[in-house]
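S.K.: Please see the structure below; I have some questions.
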Amino acid sequence: MQAPAGAIGDPLDAIDTPALIVDLDAFDRNIAKMAALAAQAGVKVRPHAKTHKCPAIALKQIAAGAVGQCVQKVGEAEALVAGGVTDILVSNEVVGEPKLHRLAALAREATIALCFDSAGQVDIASRIAGEFGVELGALVELDVGMARCGVATPAEARDLARRIADAPNLTFRGLQAYQGRAQHFATYGERRDAIAVAVGQVRECLDLLSAAGLESEIVGGGGTGTFRMEAASGVYNEIQPGSYVFMDTEYARILDERGEGYHEFEHSLFVLSSVMSAPVRERAVLDAGLKSYSTEKGLPWVAGRAGLTVTGVSDEHAVLDVAADAASLKIGDRVMLVPPHCDPAVNIHDHYIGIRNGIVTEILPITARGASR
Ligand SMILES: *Cc1c(COP(=O)(O)O)cnc(C)c1O
């Protein structure tokens with residue numbers, strides 16, 4: 001691990017760069033807003049930890065009313081349990097004995113559930129849970145239009161749920177029905193239509209399950225782009241948003257109901273960088289490139305300086321066109337970048353430097369960073 005880029009009490013200007021910064025006031029407002037919207041709609045929030053990868057943030061979300069956490073990787077679950085989280089849903093299939101052994105060991109310390117879309121995997125997980133003397137929660141994943149994992153039809157979901165309910169050491173806990181693609185559909189109408197299809201499939205599936213005497217404690221799905229729709233559906237009872245705590249440029253680019261930028265949540269995550277070179281008047285070069293954020297969703301934005309645009313990024317540099325900014329930039333000046341995609345940006349940092357009113361007040365270790373297994 002790298003040493004933190006700053007210390008408690010440091011002003012922003014004293015933080016070494018590049019550094020991953022969280023504006024804690026904006027971050028708190030995002031968490032409070034999600035908690036309030038979910039409470040109004042009568043659904044639970046199980047935020048997705050693949051975004052923040054940080055037990056301290058998970059505990060803040062739980063303190064605000066979240067029922068637990070979602071993860072995608074066993075390594076993320078391990079980091080959260082080590083940090084004090086006691087209720088985790090792996091919202092993903094888990095394949096291979098090494099991973100299932102680790103998950104079963106974790107179930108000795110915490111409530112653990114995972115997803116299935118194959119009968120063979122149900123049998124393997126049941127056997128391993130038995131060997132470890134634990135009970136694993138099990139959800140059936142239904143493909144509701146994402147075309148990734150998940151059984152294709154409600155009838156298959158019912159049959160798999162029956163197999164889970166009959167398997168020793170597994171407890172059937174419900175349905176996982178996440179429409180991941182819809183999260184970033186550009187228009188509100190496209191998102192609404194996609195979630196309407198998902199809701200129809202979930203409803204059909206729940207009817208088949210109850211006819212078979214199988215009750216779903218969890219009906220989960222919904223991310224930052226569509227959670228209001230799942231929450232209002234009357235069929236989903238847990239929403240799983242992740243990116244809302246930080247936001248990123250990918251989410252800021254989708255459109256809301258009025259056709260304007262998606263401003264439901266505030267940007268709270270930034271990469272603080274410094275100008276390291278300004279060789280000609282119209283160009284400044286920052287010290288933060290691909291070692292500080294990813295660009296598969298586009299180039300980062302400059303926060304708070306409308307005239308500055310990132311025109312190119314390489315491993316260690318970002319090039320800024322400063323021609324439109326009369327104040328221009330000189331070597332040593334600080335520039336805050338908004339990451340294009342929050343999850344992969346977080347994945348390459350060891351700490352969040354949390355600031356309030358320009359002063360470092362918290363340093364949060366990102367203990368699940370790099371947890372690719
Ligand atoms: C990524 C993910 C989410 C959260 O998505 P955001 O867009 O970050 O809010 C929720 N559920 C599942 C299963 C996911 O994979």
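The numbers here are math on the coordinates, done by the rules we state, and not lab data. As the structure is a computational prediction, the values presented were derived from the model and not from experiment. All Cβ positions, even for glycine, are placed from backbone atoms using ideal geometry, and neighbour counts span all protein chains on display.
S.K.: Looking only at the stretch 278-314, how many residues end up being polar (S, T, N, Q), closer than 18 Å to Lys330 by Cα and buried (at least 16 other Cβ atoms within 10 Å of the Cβ)?
M.R.: Here the count works out to 1.
S.K.: Answer yes or no: is there a residue in the stretch 355-367 that is part of a helix (DSSP H, G or I) and under 17 Å from the mean Cα position of the chain (by Cα).
M.R.: Within the stretch 355-367, not a single residue is part of a helix (DSSP H, G or I) and under 17 Å from the mean Cα position of the chain (by Cα).
S.K.: Which of the following residues is of a type in the set (Asp, Glu), more than 12 Å from the ligand (Cβ to nearest atom), closer than 24 Å to Ala138 by Cβ and not in a helix (DSSP H, G or I): Glu215, Glu204?
M.R.: None of the other options fit; the residue is Glu215.
S.K.: Related question: If I ask for residues that are of a type in the set (Gly, Ala, Ser), surrounded by 24 or more Cβ atoms within 10 Å (Cβ to Cβ) and within 13 Å of the ligand (Cβ to nearest atom), which ones from the stretch 243-274 would you list?
M.R.: Ser243
S.K.: Quick test for you: out of Gly358, Gly332, pick the one residue that is touching a residue at least 60 places away in the same chain (Cβ under 8 Å) and at positive phi.
M.R.: Just a single option satisfies the conditions, and that option is Gly358.
S.K.: Can you tell me which residues in the stretch 288-330 are hydroxyl-bearing (Ser, Thr, Tyr) and under 23 Å from the mean Cα position of the chain (by Cα)?
M.R.: Listed by number, the residues that qualify are Ser292, Tyr293, Ser294, Thr295.
S.K.: Moving to a separate point now. Quick check on this structure: which one of Gly234, Gly221 is within 28 Å of Ala35 (Cα to Cα) and within 16 Å of the ligand (Cβ to nearest atom)?
M.R.: That would be Gly221, the only listed residue that is within 28 Å of Ala35 (Cα to Cα) and within 16 Å of the ligand (Cβ to nearest atom).
S.K.: Just wondering, is there one or more residues in the stretch 179-189 that are hydrophobic (A, V, I, L, M, F, W, C), part of a helix (DSSP H, G or I) and either within 18 Å of the chain's Cα centre (by Cα) or within 13 Å of the ligand (Cβ to nearest atom) (or both)?
M.R.: Yes, that holds for at least one residue.
S.K.: Let me ask something additional. Tell me yes or no: at least one residue of the stretch 52-60 is within 18 Å of the chain's Cα centre (by Cα) and closer than 23 Å to Tyr236 by Cβ.
M.R.: Checked the stretch 52-60: at least one residue is within 18 Å of the chain's Cα centre (by Cα) and closer than 23 Å to Tyr236 by Cβ.
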